[in-house]
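> The following block contains the structure, expressed as structure tokens.
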């Protein structure tokens, strides 16, 4: 599938530990966003059947302790005008940000020039007990 041109903040080569990122926020701009595993679908307001699709890499979506480069997070971003026809790439902005209120690192996905309200999705967390020290024998 096609991917639009990405703009990345703080930069395309910025690397962050996936283990510290808990949320993926998608700009809605009055639309509805649904999730199916690594695919996030942005549905235009009814009765318009137009939709856009964002796909995250599986190894970024699933929890791991690896570093992730910001420009490697999204594999596809396109829309289908009227819900049919060719997949048309869209430009987007992906940012690594820390919420000033919760102090939780998140990824913010924006794709329009307006001011978005964000649909918030939780990324899979670490396995239970991962951050605890190993017991001594």
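Values in this text are rule-based calculations from the coordinates and carry no lab data. Note that the structure is a prediction, hence the values are computed from the model and not measured. Every residue, glycine as well, gets a Cβ built from its backbone with ideal geometry; the counts of neighbours run over all protein chains shown.
> Just the Kirkwood number for the chain, please: inverse of mean 1/r across all distinct Cα pairs, in Å, one decimal.
15.9 Å
> Let me ask another. Tell me, 130, 78 in order of fewest to most beta-carbon neighbours within 10 Å? Don't skip to the answer; put the middle values down first.
Working: 130 10, 78 18.
Least to most surrounded, the residues fall as 130, 78.
> Extension gain residue 84-residue 103, at 0.36 nm per residue separation less the Cα-Cα distance, in nm?
On the way: separation 19, 0.36 × 19 = 6.84 nm, distance 4.05 nm.
Gain in length upon complete extension: 2.8 nm.
> Could you check what % of the DSSP bridge pairs in the range 1-131 are antiparallel, to the nearest 5? It would help to have the intermediate numbers written out before the result.
Working: 32 of 41 bridges.
Of all bridge pairs located within the range 1-131, approximately 80 percent are antiparallel.
> What ranking of 63, 111, 131 emerges when the number of other C-beta atoms within 10 Å of each C-beta is taken as an exposure proxy, fewest first?
Working: 63 16, 111 20, 131 8.
The fewest-first ordering by Cβ neighbours comes to 131, 63, 111.
> Between residue 95 and residue 37, 0.36 nm times their residue separation minus their Cα-Cα distance comes to what? Please list the in-between numbers first.
Numbers: separation 58, 0.36 × 58 = 20.88 nm, distance 2.07 nm.
Result: 18.8 nm gained on full extension.
> How much FRET efficiency would the formula 1/(1 + (r/R0)^6) give for residue 62 and residue 115, where r is the Cβ-Cβ distance and R0 is 30 Å, rounded to 0.05?
Details: r = 31 Å, r/R0 = 1.04.
According to the calculation, E is roughly 0.45.
> With runs of 4+ DSSP H residues as the only contributors, calculate the mean residue ellipticity of the chain at 222 nm using -39,500 (n - 2.57) per run, divided by the residue total and rounded to the nearest 500.
Details: 1 runs with 4 residues, N = 137.
So the helix-based figure for the chain works out to -500 deg cm²/dmol.
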